[in-house]
Structure formats: C-alpha cells, structure tokens
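What follows is one structure encoded as structure tokens, with my remarks underneath.
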Amino acid sequence: MSELQRAVGVSRPTAEDVLSGLLAEGQVEAVDAPVEQRRAGRPARRYRFSSADRYVVGVDVGAHSVACAVTDLRGEVRGTARHTVDPSASAASRLSSAANLVRSTLHKAGVSADQLVGTGCGITGVVLDGGRPVDIRALPSGPGLHPYSLPGFAELDIAARCAEAFGSTVHVGNDIKVAALAKHGHGQDAASGVRDLVYMHAGRRLGSAVMVDGQVLQGRHGLAGEIGAMRLFGWSAAMDLFEQERARLRPPESRSDGTRELFAAAAEGDGRAADAVEAVALALALGASALVHATDPQLVILGGGLSRVGSALAEPFRRHLEETSFHAPRVEVSTLGSESVALGAAQLASTAFRDALITV
C-alpha cells in the first residue's frame with residue numbers, strides 16, 4: 001500500500017480507494033509475501049496486477065526484419081515471431097508486414113484481439129521529441145554525425161500510421177531504448193533489477209541507451225544516449241572494416257553472414273580478422289566509456305547481433321573499457337538475444353496500461 005501511495009502521489013486513504021476499485025474490477029489480486037521477506041508481526045499487504053486473459057504485444061520494426069512478442073501483464077511470453085523484410089522497403093510496406101506478423105502470432109498463441117490491452121512498437125531511428133515520435137534524420141545534423149534510420153519514416157506521422165497498421169493506440173519508442181527497458185524488466189537477463197545501467201547495442205549500427213534509477217533516459221528531444229551517430233567514436237569506419245572481413249571469410253553458397261567465421265579466424269591468428277574485431281571492440285568501448293563517465297552505472301550490458309558471439313567480443317570490449325574508464329563497471333552480455341526489442345516494446349505497452357489503471 002505504501003508503495004502504491006508513493007507511486008500515485010496521493011494520500012493513503014485515496015490510495016486505498018484506488019486499490020479497492022482495482023480489486024473490485026478484478027484488475028489486481030492479493031498475494032502472499034515471499035518466504036524470505038516474511039517477518040514477525042503483521043505482514044504488509046501485497047498485491048499484483050492480474051494477468052488473466054489480458055495480453056500486450058510488442059513489435060520490433062528494424063532494417064532487415066520485423067518481429068513481435070505476445071506476453072501477459074507479468075511478462076510471460078506467449079508467442080514470438082520474426083519475418084525478414086527488404087532493407088529498401090517503404091515505411092507502409094514495413095508496417096504492413098509487421099501487422100500481418102502480429103495477427104498470425106496472436107492466432108498461434110490463442111489470443112484474440114479483444115484480449116489485447118496494449119501495443120508497443122520499437123522502431124529503428126525514431127526518437128520522442130516532446131512525446132511525438134520523430135525520425136532522427138528529420139532533426140538538424142552536421143558533418144560530425146552519421147544519423148541512421150529506416151527509409152520513409154521521416155515523411156509520415158509515425159504514431160498515426162502505427163495506430164492504423166495495428167488497429168489501436170500504439171506506444172512508439174526508439175528501438176534501442178526499448179531494448180534497454182527489456183534488459184531491466186525480464187528476470188532471465190543479467191540486468192534484471194539493476195536500476196542504473198548503460199546498454200550498448202552492437203549490430204550493423206551502434207546504438208546505446210542509459211537507465212538511471214530504473215528509468216530509461218529520453219532527454220528533452222529523445223536523444224539521451226544517442227552516441228552511435230557521433231563519427232568521433234569511429235563506429236562507421238570500424239563497421240566498414242568489419243564488413244570487408246566478413247565478406248572475405250563468408251563461406252561460399254552459405255546462409256551464414258560470416259560473423260562467426262570472422263571471430264573464429266581472429267581467434268586462430270588471422271591478423272586482418274583480429275584487427276577488425278579490435279576496431280569494433282574499441283569503437284564500442286569508447287562510446288560506452290563516455291556514457292559510463294556521464295552516469296557512473298552499476299552495469300554495462302552488451303547486446304545486439306554481434307553480442308551473440310559472447311566472450312569473443314565481450315573480452316576485448318571489457319579490456320578497452322577498462323583502459324578508457326576511471327572505474328569500469330561490470331560488463332554482461334545480454335541473454336535476450338534478437339527478441340529484446342519486441343519484449344521491451346511489450347513491456348512499454350504493459351507499463352502504459354498499468355499507469356492508466358492507477359491514474360487519479
């Protein structure tokens with residue numbers, strides 16, 4: 001009750017009235033305290049949101065694929081799916097593919113549209129300027145920046161088109177910030193329960209996000225943590241070198257993109273491959289170091305497609321971070337994999353639904 005009172009910012013009697021209404025409507029349910037938290041005397045009353053027959057869907061709209069995740073209000077995953085898209089696809093085509101994927105995933109999960117209470121969407125290159133989703137390329141930029149986002153989104157009302165595609169109000173966010181939200185909220189990930197962290201996304205582009213006291217920082221224009229666009233960290237040049245080596249080492253007539261082959265070659269002493277790995281690790285560490293010195297977090301999470309090689313990237317990243325930081329925090333590789341954006345988007349929708357329930 002005291003936590004609810006603080007969260008809503010009202011007197012205790014008003015908080016009790018809010019809770020009574022939620023209980024009567026079946027929105028929340030009473031639960032026993034965990035055994036390890038039980039003490040002598042009268043225990044505090046504890047409650048949780050009821051998840052029965054209520055679900056949210058999270059959507060990941062990326063450059064090369066769209067994905068979705070269906071979860072209940074406690075974050076239990078009921079279904080996930082991913083579909084590749086043409087990198088040059090229009091915004092309308094990309095959103096249409098995502099909407100079709102959502103419908104098929106809901107059907108497979110046995111969830112009907114009327115059981116959905118919210119939809120969240122993480123989109124590459126989108127920021128929230130004063131609460132309004134904006135393509136990052138629509139913002140002023142100079143030669144020291146390398147902004148990246150999806151084709152066509154700068155020319156449309158992103159929130160309205162998402163609502164049209166998914167048939168309801170959609171909570172839209174930058175995909176990297178949404179992924180950081182997933183790291184914090186899902187119990188199977190290393191960042192679960194950590195309230196201050198830096199998240200570094202290593203993929204075809206460098207992305208990053210900062211969480212302070214359990215909140216992902218947005219900033220006045222939604223640009224907090226957007227260091228991946230800054231050329232001075234060298235990510236673009238590092239990835240150009242990495243792509244060259246990946247193409248050289250990609251097996252012919254293979255579905256592999258050459259990433260694992262490149263890291264394996266580097267471990268076996270291939271100098272060119274090792275230089276490419278070092279360049280990527282250093283660019284990542286320089287960006288992370290800037291954010292670490294700005295926020296002094298408990299943890300740095302390494303995520304994104306390249307992080308799936310594990311210690312082959314994490315170890316040189318740690319080494320360069322220690323070389324460039326006064327006090328390098330613990331580094332962990334994300335365990336959520338390619339579903340992090342979709343799971344974070346589902347959490348975004350779930351949080352918005354819960355916040356609406358306790359608004360007074």
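The values are calculated or read from the model by the stated rules, or taken from the named source; none is laboratory data. The structure displayed is predicted, hence computed values, not measured ones. Note that we place each Cβ from the backbone using ideal geometry, even for glycine, and neighbour counts take in every protein chain shown. Areas reflect the complete protein model, heavy atoms only, side chains present, ligands, DNA and RNA absent. Shrake-Rupley method; radii C 1.70, N 1.55, O 1.52, S 1.80 Å.
Between helix 340-357 and the chain there is an angle of about 20 degrees, using the helix long axis and the longest principal axis of the Cα atoms. Placing pseudo-labels 7 Å out from each Cα toward the beta carbon at ARG103 and GLN115 gives an inter-label distance of 1.9 nm. Which percent of the accessible area of the chain is formed by carbon and sulfur heavy atoms (probe 1.4 angstrom)? C and S atoms contribute 50 percent here. Among the listed values [x] 22.3; [y] 21.7; [z] 20.0, the one matching Kirkwood radius over Cα pairs in Å as calculated from this structure is [y]. The charge dipole of segment 86-213, taken about its Cα centre with unit charges on the Cβ atoms of Lys, Arg (+1), Asp and Glu (-1) only, comes to about 240 debye. From helices alone, the chain scores -12500 deg cm²/dmol at 222 nm; the rule is -39500 (n - 2.57) for each run of n ≥ 4 DSSP H residues, then divide by the residue total. Per residue, the chain exposes an accessible area of 48 Å² to a 1.4 Å probe, with every protein chain left in place. The distance between label points at ASP157 and ARG45 comes to 4.4 nm (points 7 Å beyond Cα on the Cα→Cβ vector). Per residue, the Cα convex hull of segment 75-135 amounts to 121 Å³. With the charge dipole of the chain set up from +1 on Lys and Arg Cβ and -1 on Asp and Glu Cβ about the Cα centre, the Cα lying farthest toward the positive end among the listed residues PRO251, HIS221, LEU232 is that of HIS221. The residue among ILE301, ALA290, VAL277 whose Cα reaches farthest toward the positive pole of the charge dipole of segment 273-343, with charges on the beta-carbon of Lys, Arg, Asp and Glu, is ILE301. Among residues other than ALA266 with Cβ under 13 Å from its Cβ, the summed charge is -3 (Lys and Arg +1, Asp and Glu -1). Over all Cα atoms in segment 236-360, the spread is summed up by Rg and Dmax: 17.9, 63 Å. Once the C-beta distance of HIS83 and HIS146 is scaled by a Förster radius of 25 Å, the resulting FRET efficiency is 0.35 to the nearest 0.05. Full extension of the chain segment joining ARG319 with ARG74 gains 84.5 nm, where the gain is 0.36 nm per residue of separation less the Cα-Cα distance. Using C-alpha pairs under 8 Å with a sequence gap of at least 6, the mean separation divided by the residue count of segment 61-121 gives a relative contact order of 34 percent.
Roughly what angle does helix 91-109 make with the longest principal axis of the chain, taking Cα atoms, 0 to 90 degrees, to the nearest 10? Rounded to the nearest ten degrees, it is 50. Across the chain, the longest run free of exposed loop sites, meaning GluC sites (Glu not before Pro) lying outside DSSP classes H, G, I, E and B with no more than 11 other Cβ atoms within 10 Å, spans 77-252. Taken along the Cα-to-beta-carbon direction at a fixed 7 Å, the label points for ARG132 and VAL212 span 2.6 nm. Against the main long axis of the alpha-carbon atoms of the chain, helix 235-249 sits at an angle near 70°.
Amide hydrogen proximity for ALA224: with H placed 1.01 Å from N in the peptide plane, the residues at 5 or more positions away or on another chain lying under 5 Å are GLY219. Think of each Lys and Arg Cβ as +1 and each Asp and Glu Cβ as -1; about the Cα centre, that makes the dipole of the chain roughly 480 debye.
On full extension, the segment bounded by ARG272 and GLU29 gains 81.6 nm, given 0.36 nm per residue less the C-alpha separation.
Determine, from the Cβ-Cβ distance of GLN298 and ALA92 and an R0 of 35 Å, the FRET efficiency 1/(1 + (r/R0)^6), rounded to the nearest 0.05. So, using R0 = 35 Å, E works out to roughly 0.25.
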